[in-house]
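J.: My structure is below; once you've seen it, I'll send some questions.
The values are calculated or read from the model by the stated rules, or taken from the named source; none is laboratory data. The structure displayed is predicted, hence computed values, not measured ones. Backbone-built Cβ (ideal geometry, glycine too); neighbour counts: all protein chains shown.
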Amino acid sequence: MKALVTGAGGFLGGAIARALKDRGDEVRGFSRGEHPELAAYGIEQYQGDLVDPDAVAEAANGVHILFHTAAKVGAGGRYADFHATNIAGTANVIRACREGGMLALVHTSTPSVVTSHKALENADESASYATRHNGHYSHTKAEAERLVLSSATDEFKTVALRPPIIWGPGDTSLLPRIIQRAQNGSLRRIRGRPAFADITFINDAVRAHLNAGDRLLAGGEGALRINGRPYFVSAGTPVVIWDFLNGLLEAADLPPIQKTVGLRTALVAAWFSEKIHTLMRRQGDPRMSRWIVRQLATSRWFDISAAKRDIGYEPLVSMEDGMRLLKAWFEEQDRAEPEDAGKPEDRENPEDLEDPEDPDRV
C-alpha cells in the first residue's frame with residue numbers, strides 16, 4: 001500500500017508515518033519543512049503548502065490512501081489564515097485525491113467541531129456541529145470536516161476521526177507549553193467543580209487512524225458502514241483535567257500546580273491578554289485566552305462505542321500507564337543529551353502542527 005501523510009513533521013503525522021513504514025507500507029510525507037529524521041526512517045518527503053494545489057497533487061500522485069493530519073491551529077490569529085489552510089487546504093487535498101484516483105482519505109478532525117461554551121458529557125456522534133464556535137480554529141475545522149465527509153462516494157471513501165488531547169513521548173506542542181508555563185509560574189488551577197476531559201495517548205491515536213484506513217481500503221460492508229462518517233476516539237475514560245496536567249508535570253520531574261484563581265478572574269485576565277495581543281499586533285496565540293480558560297473549567301467527554309464497533313478501535317493505554325511511559329521517555333532524554341542541550345521546552349517545534357496544537361490540548 002502507498003500512503004501519503006500530510007503534516008508528517010508533526011507529532012501525530014510523524015507517528016502515523018512511522019507506524020505505516022514499520023508495517024511495510026510505502027510512505028510519503030507532505031510538510032512545509034525538511035525533516036531529516038523522516039528521511040532517515042525511509043519516508044519519502046514532499047515539501048509544500050496545503051494552499052498550493054499543484055504541490056498537493058504532486059505529492060498525492062500514485063497514492064492509495066491519504067492521512068490528512070496537517071492544519072493551522074491555535075487560539076488566536078487571522079480568520080483568513082485559518083481558512084486558507086484548514087478549509088481551502090483541505091479542499092485541495094480532496095481534489096488531489098479524487099483527480100488522482102485515490103481510494104480513501106482519513107481526516108484528523110477534533111471534538112472542537114461540536115463544542116462551544118457548554119459542557120458535553122458522554123456525547124456521541126449524533127451531537128450537532130456547534131452553531132457558536134469558540135474561535136477560528138474550531139470553525140474552520142468544522143467546515144473542513146464537512147467537506148471531507150460530503151466528498152465520500154462508493155469509489156472514494158472518507159472518514160473523520162476526532163481525537164482530543166493527543167499526548168505522550170515525543171510531543172512537541174502540549175508538553176513544552178505546560179512545562180514552560182509551570183517553570184515561569186504562570187499556571188493556575190481554576191477553582192470550582194472539577195472538569196473532566198478525554199485524552200488520547202499517541203499510540204492509541206495512531207492505531208485508530210490505521211484501523212480506519214484499513215477498513216476503508218478493505219471494502220465491503222465494513223467500509224460502507226464508516227464511509228462519510230465521523231468518530232470520536234479517546235482513552236475511553238475521562239480524567240480530571242488538573243490531575244492530568246499535574247501528572248504531566250510529575251513525569252517531567254516538576255512540582256504540581258498549587259496556585260488557584262477564580263473562573264471570573266481568569267476570564268477577565270484572558271480578555272485583557274487577548275486585547276493586548278491584538279493591540280500589539282503580536283503573532284501566534286495570546287498568552288491566555290478565554291477559550292483556553294473555558295476548556296480548563298468545562299467538562300467535555302465523549303462516547304467512543306461507535307469507533308469500537310465500526311473501526312475495531314480499542315484504547316490500550318491508560319493515563320497511569322501513559323504517565324509511566326512518559327516519565328521513562330523524559331529520563332531517556334536526560335541521559336541522551338548533554339547538560340547544555342536544553343529541556344524539552346527549549347527545543348524548536350516542528351513547523352507542521354496537527355491537531356492536534358489544537359485548543360483541545362489545553
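J.: With the requirement that a residue be at pLDDT 95 or above and not hydrophobic (A, V, I, L, M, F, W, C), what does region 102-120 give you?
T.: Answer for region 102-120, where residues must be at pLDDT 95 or above and not hydrophobic (A, V, I, L, M, F, W, C): 107, 108, 109, 110, 111.
J.: Another question about this same structure. Tally the residues that are among the small types (Gly, Ala, Ser) and surrounded by 24 or more Cβ atoms within 10 Å (Cβ to Cβ), restricting the search to region 52-74.
T.: Here the count works out to 4.
J.: Something else: Among helices (runs of 4 or more DSSP H) lying entirely in region 9-89, which contain 2 or more residues that are in contact with a strand residue (DSSP E or B) (Cβ under 9 Å, 6 or more places away or on another chain)?
T.: Filter on region 9-89 gives 11-22, 36-40, 53-60.
J.: Restricting attention to region 129-166, report how many residues are in a helix (DSSP H, G or I), over 18 Å from residue 310 (Cβ atoms) and among the aliphatic types (A, V, I, L, M).
T.: 3
J.: So, restricting to helices (runs of 4 or more DSSP H) that lie completely within region 237-341, which ones have at least 3 residues that are touching a helix residue (DSSP H, G or I) at 6+ places or on another chain (Cβ under 6 Å)?
T.: Passing ranges, in order: 241-251, 263-279, 290-297, 319-336.
J.: I've got another one for you. Inside region 274-311, can you point out the residues that are exposed (fewer than 14 other Cβ atoms within 10 Å of the Cβ) and either of a type in the set (Lys, Arg) or under 16 Å from residue 195 (Cβ atoms) (or both)?
T.: Selection gives 275, 281, 282, 309.
J.: Could you please tell me which pairs satisfy a Cβ distance under 6 Å, a separation of 6+ or placement on different chains, a first residue in region 190-206 that is over 24 Å from residue 170 (Cα atoms), and a second residue that is small (Gly, Ala, Ser)?
T.: 190/266; 190/297; 191/262; 195/297; 195/299; 196/299
J.: Might you let me know whether region 162-181 holds any residue that is at pLDDT 90 or above and more than 27 Å from residue 324 (Cβ to Cβ)?
T.: For region 162-181, residues at pLDDT 90 or above and more than 27 Å from residue 324 (Cβ to Cβ): absent.
J.: Run down 348, 314 and say which single residue is within 25 Å of residue 17 (Cβ to Cβ), surrounded by fewer than 16 Cβ atoms within 10 Å (Cβ to Cβ) and at pLDDT below 95.
T.: Criteria check complete, one pass: 348.
J.: Let me ask something additional. Condition first: over 16 Å from residue 228 (Cα atoms), hydrophobic (A, V, I, L, M, F, W, C) and surrounded by 19 or more Cβ atoms within 10 Å (Cβ to Cβ). Can you find one or more residues in region 92-112 that meet it?
T.: Among the residues of region 92-112, at least one is over 16 Å from residue 228 (Cα atoms), hydrophobic (A, V, I, L, M, F, W, C) and surrounded by 19 or more Cβ atoms within 10 Å (Cβ to Cβ), which makes the answer yes.
J.: Could you please find all residues in region 230-242 being under 20 Å from residue 126 (Cα atoms) and buried (at least 17 other Cβ atoms within 10 Å of the Cβ)?
T.: 230, 231, 232, 233, 234, 235, 236, 238
J.: Checking the conditions here, which among 336, 328 is within 26 Å of residue 37 (Cα to Cα), at pLDDT 95 or above and among the small types (Gly, Ala, Ser)?
T.: Just a single option satisfies the conditions, and that option is 328.
J.: Hey, another quick one. Quick one: in region 92-109, which of the residues that are in a helix (DSSP H, G or I) and under 15 Å from residue 157 (Cα atoms) is nearest to the chain's Cα centre (by Cα)?
T.: Per the stated criteria, the residue is 93.
J.: Looking at 172, 200, can you tell me which residue is out of contact with any strand residue (DSSP E or B) (no Cβ under 9 Å at 6 or more places or on another chain) and either of a type outside the set (A, V, I, L, M) or surrounded by fewer than 20 Cβ atoms within 10 Å (Cβ to Cβ) (or both)?
T.: One residue alone meets the criteria, 172.
J.: Go through the residues of region 243-260 one by one and say whether even a single one is in contact with an Asp or Glu (Cβ under 8 Å, 6 or more places away or on another chain), modelled with pLDDT of 85 or more and surrounded by fewer than 16 Cβ atoms within 10 Å (Cβ to Cβ).
T.: For region 243-260, residues in contact with an Asp or Glu (Cβ under 8 Å, 6 or more places away or on another chain), modelled with pLDDT of 85 or more and surrounded by fewer than 16 Cβ atoms within 10 Å (Cβ to Cβ): present.
Residues are listed down the side, and each one gets a yes or a no for (1) under 16 Å from residue 308 (Cα atoms); (2) in a strand (DSSP E or B); (3) in contact with a Pro (Cβ under 7 Å, 6 or more places away or on another chain):
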{"site": "172", "(1), (2), (3)": "no, no, yes"}
{"site": "178", "(1), (2), (3)": "no, no, no"}
{"site": "186", "(1), (2), (3)": "no, no, no"}
{"site": "194", "(1), (2), (3)": "no, no, no"}
{"site": "204", "(1), (2), (3)": "yes, no, yes"}
{"site": "214", "(1), (2), (3)": "yes, no, no"}
{"site": "221", "(1), (2), (3)": "yes, no, no"}
